[in-house]
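The values are calculated or read from the model by the stated rules, or taken from the named source; none is laboratory data. All values derive from a computational prediction rather than experimental measurement. In this analysis, Cβ positions are derived from the backbone assuming ideal geometry, glycine residues included, and neighbour counts consider all displayed protein chains.
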Amino acid sequence: MYLRLVGAIFVDSQWFKKIHLPSLKKLKLDNGYWEMSLINALLSGCPILESLDAYICAEDYDEIRVPPTLKRLNTTVDYGNQ
């Protein structure tokens with residue numbers, strides 16, 4: 001299963017904590033600024049994730065917590081005007 005989130009997506013942070021995608025193996029995130037806590041909440045609901053492509057605009061320096069099943073990681077982090 002593959003999920004691609006691209007463009008301006010507005011979500012309630014409480015919603016992300018309830019996401020559970022047990023069959024998701026590939027995820028692409030390319031939506032600009034998200035707090036790391038939201039990304040971590042999304043990833044915690046993907047227990048068998050194998051591939052993550054992410055473009056992240058970050059203002060916080062929290063760690064991205066990936067599942068142990070991850071085999072491929074491609075990230076670009078934009079720290080804005082820092």
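Observations on the model:
- Of all residue pairs spaced 6 or more apart or on separate chains, those with beta-carbon atoms under 6 Å, a first member in region 20-42 that is among the basic types (K, R) and a second member that is surrounded by 14 or more Cβ atoms within 10 Å (Cβ to Cβ) are K25/E50; K26/S51; K28/D53.
- Residue tally, condition within 22 Å of E63 (Cβ to Cβ), part of a loop (DSSP other than H, G, I, E, B) and not acidic (D, E), over region 19-40: 5
Okay, residues lined up against (1) under 13 Å from the mean Cα position of the chain (by Cα); (2) surrounded by 14 or more Cβ atoms within 10 Å (Cβ to Cβ); (3) not basic (K, R):
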{"residue": "L3", "(1), (2), (3)": "yes, yes, yes"}
{"residue": "I9", "(1), (2), (3)": "yes, no, yes"}
{"residue": "F16", "(1), (2), (3)": "yes, yes, yes"}
{"residue": "P22", "(1), (2), (3)": "no, no, yes"}
{"residue": "N31", "(1), (2), (3)": "yes, yes, yes"}
{"residue": "S44", "(1), (2), (3)": "yes, yes, yes"}
{"residue": "S51", "(1), (2), (3)": "yes, yes, yes"}
{"residue": "E63", "(1), (2), (3)": "yes, no, yes"}
{"residue": "V66", "(1), (2), (3)": "yes, yes, yes"}
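- Once region 4-61 is narrowed to residues that are among the acidic types (D, E) and closer than 21 Å to R72 by Cβ, the residue that is modelled with the highest pLDDT is E50.
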